[in-house]
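Colleague: My questions all concern the structure below.
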Amino acid sequence: ASVGTNNSAVYRSPNGGIIWNETTLKNYNIWAIAISPQDPNSVYAASSSPGVIFYTSDGGQNWVETYLTPNGIYSLAFSPFDTTRVYAGTNDGVFVRVGTGNWTPLGLAGIPVSVIAAHPARPGLLFAGTTQGVYFSVDAGSNWLAGPFQLVGDTIQSISFDSQDSHYVYFGTKTRGIARVYFP
């Protein structure tokens, strides 16, 4: 299944993008989407309304509102190892929601996090892209470190992982293109 948005709805494709069907989440501008790597029917969608994040467990037939007020949500990511755990990159750091619990702060308070990503092959390894570089955590967000040093001061817009070598991470920057970084 695939999920996409336009200016007024979230769409779902059951066949890899050949046909698209509108879900029941309509009339919202969606800024970020996260699809569970284990269950494509589990989806989070962050709206442009500050603090409003929607969740569906049935592929978009029904959506439940969750609130992370008063934050703007820029990025969402599921944990690939615990599908009940979802991370949010916000204008005030990183937050996490486990199951149907509340969103709780996970660190980097006061720092706008434009992109959050959980490593698909290395449990506990998280990356937070900001307007001032990258932060990473090796313990699922309990502690954060700045780095890598070559990206300090850069605006990070995307994070991708090398499918052939789990030690390499790619960071898309606003002004310097893409950086490939080795994480031991």
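The values are calculated or read from the model by the stated rules, or taken from the named source; none is laboratory data. These numbers were taken from a predicted model, which means no experiment stands behind them. With ideal geometry, Cβ positions are generated from the backbone for all residues, glycine too; neighbour counts draw on all protein chains shown. Ligands, DNA and RNA are stripped out before the accessible areas are found, and what is left, the full protein with its side chains, is counted by its heavy atoms. Shrake-Rupley method; radii C 1.70, N 1.55, O 1.52, S 1.80 Å.
Colleague: For the chain, with a Gaussian network of springs between Cα atoms less than 10 Å apart, report the residue from Ala88, Ala146, Ala46 with the top mean-square fluctuation.
Modeller: Looking only at Ala88, Ala146, Ala46, the largest GNM fluctuation is found for Ala146.
Colleague: Further, regarding this structure: Sort 155-161, 36-42, 129-135 by the packing proxy (mean of other Cβ within 10 Å over each peptide's residues), most packed first.
Modeller: With the highest mean Cβ count within 10 Å placed first, the list reads 129-135, 155-161, 36-42.
Colleague: Accessible area of Tyr67, 1.4 Å probe, to the nearest 10 Å²?
Modeller: Rounded to the nearest 10, that gives 130 Å².
Colleague: Heads up, I need the accessible area for Arg180: 1.4 angstrom probe, whole protein in place, Å², nearest 10.
Modeller: Looks like 130 Å² after rounding.
Colleague: Where a ≥ b ≥ c are the square roots of the eigenvalues of the C-alpha gyration tensor, would you call segment 64-132 rounded, which needs a/c under 1.5, or, failing that, prolate if a/b is larger than b/c, or oblate?
Modeller: Oblate shape, in that a/c is at least 1.5 and b/c is the bigger or equal ratio.
Colleague: Could you let me know the centre-to-centre spacing of segment 35-110 and segment 148-165, using Cα atoms, in angstrom?
Modeller: 22
Colleague: Which value, in Å², gives the accessible area per residue of the chain when a 1.4 Å probe is used on the protein heavy atoms?
Modeller: 49
Colleague: May I ask you to work out the translational diffusion coefficient for segment 40-100 at 25 °C, viscosity 0.890 mPa s, via Stokes-Einstein with Rh from the Kirkwood sum over Cα pairs, reported in whole µm²/s?
Modeller: Stokes-Einstein gives a translational diffusion coefficient of 211 µm²/s.
Colleague: What residue among Tyr168, Tyr44, Tyr87 shows peak mean-square fluctuation when the chain is described by a Gaussian network model with Cα springs under 10 Å?
Modeller: Tyr168
Colleague: Give the accessible area for Lys26 in Å² (nearest 10); use a 1.4 Å probe, count only protein heavy atoms, and leave out ligands, DNA and RNA.
Modeller: That residue has around 90 Å² of solvent-accessible surface.
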